[in-house]
Amino acid sequence: MSLRPGSRLPRGQWIVFGLLLSLSVAMMGASRTRLAGTLQTNANLILNPIEVAIDDGLDTLGSYWNTLTQLDSVRQENERLREENEVLRDQLARMPAIGRLNEDWTKISEAQQTSQFQTVIARVVMRDITDVRTKTIIVNRGSADGVLRGQVVIDAGGALVGRVSKVEAYNAVIVLVTDSSAVVVGEEAKSGATGTIRGQIGGLLEMSYVDSTDTLTKGEAVVTSGTVLPEGNVRSPYPPGLLIGTIISVTNDPNQVIQSALLRPAADLENANFVLVVMSHEGGFHSPSPSPSPSPTPTPSETPTPRPTPTAKPGPTPSPTQGLSTPPPY
C-alpha cells in the first residue's frame with residue numbers, strides 16, 4: 001500500500017508493527033540465554049540424522065541418474081571394443097597361415113630363379129587327394145599364361161608333383177604323381193636301377209618291374225630317368241633327374257626275375273601352396289622327319305622316259321596331344 005505525502009498509517013497497523021518489533025527484540029534477547037542454547041542443541045541433535053539421511057539419499061539418487069545417463073554410451077563403447085577384439089583375434093588366428101604363405105612364396109620365387117627350366121609360378125586353389133577320385137590339384141594358371149596339357153609340374157624343391165591333364169583359360173587341373181593313373185619311369189639315383197612307378201592307396205608310390213639283379217636300397221632317392229622308348233618317336237614327358245621319392249621298403253623274391261619297392265613322395269602334395277609348371281620341356285609323340293629317296297640318274301644312251309612318281313600311302317600320324325590324357329610308362 002502506497003502512502004501519500006503527509007498521510008499517516010492507520011492506528012491498527014502501528015500496533016501490529018510495534019508487536020512484531022517487540023517480539024523480534026525479545027527473541028534476540030532470549031537466544032542468548034542458556035535455555036535457548038539447550039533447545040537449539042537438542043533440535044540440532046534431532047534434525048542432524050534426518051539431514052544426513054536426506055543428503056545421502058540425494059547423493060544416491062544423483063549417482064543412479066548419472067549411471068542411467070551414461071549407460072547407453074558405456075554399452076556403445078563395449079560393443080566397439082568387442083568388435084575390435086574380434087578383429088584382433090581373427091588377425092592373430094591368421095598370422096601362422098599368412099606367415100607360412102609368405103615363406104612358401106619366398107621359396108617358390110627363389111626356386112624359379114635357380115631352376116634350369118623355364119617355369120611359371122602357380123597357386124594351388126583346390127586340392128583333392130582322397131583315394132575315392134583321381135588325385136588332383138587345381139592351380140590358378142591356364143592357357144592365358146601359356147600352360148599346356150601334358151606339362152610337368154614340380155615343387156619348390158624340384159620334386160615331381162604331377163602333370164597337367166586339363167587346361168582352361170585361367171586354371172589348370174594337375175593329376176598328381178601319387179594317382180594310380182600317373183605312370184613314370186624312375187631310377188634309383190645311386191645304383192641306376194630302373195622301374196615303373198605308379199601311385200598307390202594312401203599316398204605312397206610303388207616302383208615295380210625292377211630287374212632282380214639290380215640293387216634297390218632303403219633310404220635311397222629315386223629320380224625320373226627320362227627314358228626314351230625303343231621306337232625312337234617318343235620323348236619322355238618327364239625331364240631326367242627330377243626327384244620322385246625315397247625308398248622305404250624293398251620286396252625281393254629270389255624266385256622272381258623282378259623286384260619292387262615302396263616309395264614315399266618327395267613333394268608335399270597335401271600342404272604345397274605354390275608349384276612350378278615347367279614350360280621349356282617338350283615330351284610325348286613327335287613325327288619323324290621324312291628321309292629323301294635318291295632319284296635315278298639317266299645314262300647318256302638312254303632316253304629318259306617319264307614315269308609316274310609313286311605316291312606314298314598315308315600312314316597314321318600321331319596327334320600332338322596323343323597319349324597325354326593318361327601318361328604312358330616312360
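The values are calculated or read from the model by the stated rules, or taken from the named source; none is laboratory data. The model shown is predicted, which means the values in this text are computed figures rather than measured ones. Cβ: placed from backbone, ideal geometry, glycine included. Neighbour counts: every protein chain shown. Surface areas here come from the heavy atoms of the whole protein model, side chains and all, with no ligands, DNA or RNA. Shrake-Rupley method; radii C 1.70, N 1.55, O 1.52, S 1.80 Å.
Brief remarks on what is shown
- The set of residues in the range 195-225 being open to solvent by 20 Å² or more (accessible area, probe 1.4 Å), under 17 Å from residue 238 (Cα atoms) and touching a residue at least 24 places away in the same chain (Cβ under 8 Å) consists of 196, 221, 223, 225.
- Candidates 123, 141: the one that is over 17 Å from residue 184 (Cβ atoms), open to solvent by 80 Å² or more (accessible area, probe 1.4 Å) and of a type outside the set (Val, Ile, Thr) is 123.
- Summed over the range 165-177, the residues that are open to solvent by less than 10 Å² (accessible area, probe 1.4 Å) and either free of Cβ contacts under 8 Å to residues at least 40 places away in the same chain or touching a Leu at 6+ places or on another chain (Cβ under 7 Å) (or both) give a count of 2.
- Test for residue 134: is it under 24 Å from the mean Cα position of the chain (by Cα), free of Cβ contacts under 8 Å to residues at least 24 places away in the same chain, surrounded by 10 or more Cβ atoms within 10 Å (Cβ to Cβ) and within 25 Å of residue 278 (Cα to Cα): no
- Between 192, 186, 158, the distinction of being at pLDDT below 95, small (Gly, Ala, Ser), open to solvent by less than 30 Å² (accessible area, probe 1.4 Å) and at positive phi belongs to 158 only.
- Subset of the range 98-115 that is open to solvent by 40 Å² or more (accessible area, probe 1.4 Å) and farther than 14 Å from residue 274 by Cα - its residue that is farthest from the chain's Cα centre (by Cα): 114
- Residues that are touching a residue at least 40 places away in the same chain (Cβ under 8 Å) and part of a helix (DSSP H, G or I), drawn from the range 78-118: 100, 101, 104, 105, 107, 108, 110, 111, 112
- Residue 235 vs. criteria charged (D, E, K, R), under 34 Å from the mean Cα position of the chain (by Cα), open to solvent by 60 Å² or more (accessible area, probe 1.4 Å) and modelled with pLDDT under 95: no
- Selection within the range 144-155 - over 15 Å from residue 118 (Cα atoms) and either in contact (Cβ under 8 Å) with a residue 60 or more places away in the chain or crowded, with 23+ Cβ neighbours inside 10 Å (or both): 149, 150
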